[in-house]
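Undergrad: Quick one: the structure is below, and I'll ask about it shortly.
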Ligand code: FES
């Protein structure tokens, strides 16, 4: 697991979707309208399009390519055509800084 400090929570508007690099991977960092922060792989399990280009639907994200939806809390696929869940990564806020613990793939 790799810890990645991605900036100040104050710099993440609610709602917003941000693409952040972690080594050779991309992470989709989401702040919902309610203020919750989630991180998932920026790689749709269907055909690999970046979820960071998608739409935020409360606590779900919709892939821009074919419309699969994923629960940001669990990564569970909630709408087709994707069959597999997307990987999630724990997020902590410490002293106003946002830290993502990127799981090994
Ligand atoms: S690539 Fe995401 S739904 Fe097809």
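Undergrad: Can you compute the modelled spin-label distance between residue 34 and residue 85, with each label point 7 Å from Cα toward Cβ, in nm?
TA: Each label point is offset 7 Å from its Cα along the Cβ direction, giving 1.9 nm.
Undergrad: Please list, by residue number, everything in segment 63-105 whose backbone N is under 14 Å from a paramagnetic label point 7 Å out along Cα→Cβ of residue 10.
TA: Taking a point 7 Å out along Cα→Cβ of residue 10, the residues of segment 63-105 whose backbone N falls under 14 Å are 95-98.
Undergrad: Determine which residues of segment 21-36 fall in the zone a paramagnetic label at residue 2 would reach in this model, i.e. backbone nitrogen under 19 Å from the point 7 Å along Cα→Cβ.
TA: The answer is 21-30.
Undergrad: How big is the gap, in Å, between the Cα center of segment 53-73 and the Cα center of segment 1-41?
TA: Each part reduced to its Cα centre gives a spacing of 15 Å.
Undergrad: Would you please classify the overall shape of segment 2-84 from the alpha carbon gyration tensor, given that a ≥ b ≥ c denote the square roots of the eigenvalues, rounded means a/c under 1.5, and beyond that prolate means a/b larger than b/c while oblate covers the rest? Before the final figure, lay out the partial values.
TA: Numbers: a/c = 2.03, a/b = 1.34, b/c = 1.52.
Oblate shape, in that a/c is at least 1.5 and b/c is the bigger or equal ratio.
Undergrad: Pick from 73, 31, 94: which residue has the top mean-square fluctuation in a GNM of the chain where Cα pairs under 10 Å get a spring?
TA: 94
Undergrad: A follow-up question, please. For the chain, what relative contact order do you get, as a whole percent, if you take Cα pairs closer than 8 Å and at least 6 residues apart? Don't skip to the end; give the middle numbers.
TA: Details: 242 pairs, mean separation 29.3, N = 105.
Taking the mean separation of contacting Cα pairs over the length of the chain, I get 28 percent.
Undergrad: Extension gain residue 26-residue 93, at 0.36 nm per residue separation less the Cα-Cα distance, in nm?
TA: Values: separation 67, 0.36 × 67 = 24.12 nm, distance 1.99 nm.
That pair, residue 26 and residue 93, stretches by 22.1 nm at full extension.
Undergrad: If you take the beta carbon distance between residue 19 and residue 101 as r and set R0 to 25 Å, what does 1/(1 + (r/R0)^6) give as a FRET efficiency, to the nearest 0.05?
TA: On the way: r = 18 Å, r/R0 = 0.71.
Efficiency for this residue pair is about 0.90.
The numbers here are math on the coordinates, done by the rules we state, and not lab data. None of the values given here were measured: they were computed from a predicted structure. All Cβ positions, even for glycine, are placed from backbone atoms using ideal geometry, and neighbour counts span all protein chains on display.
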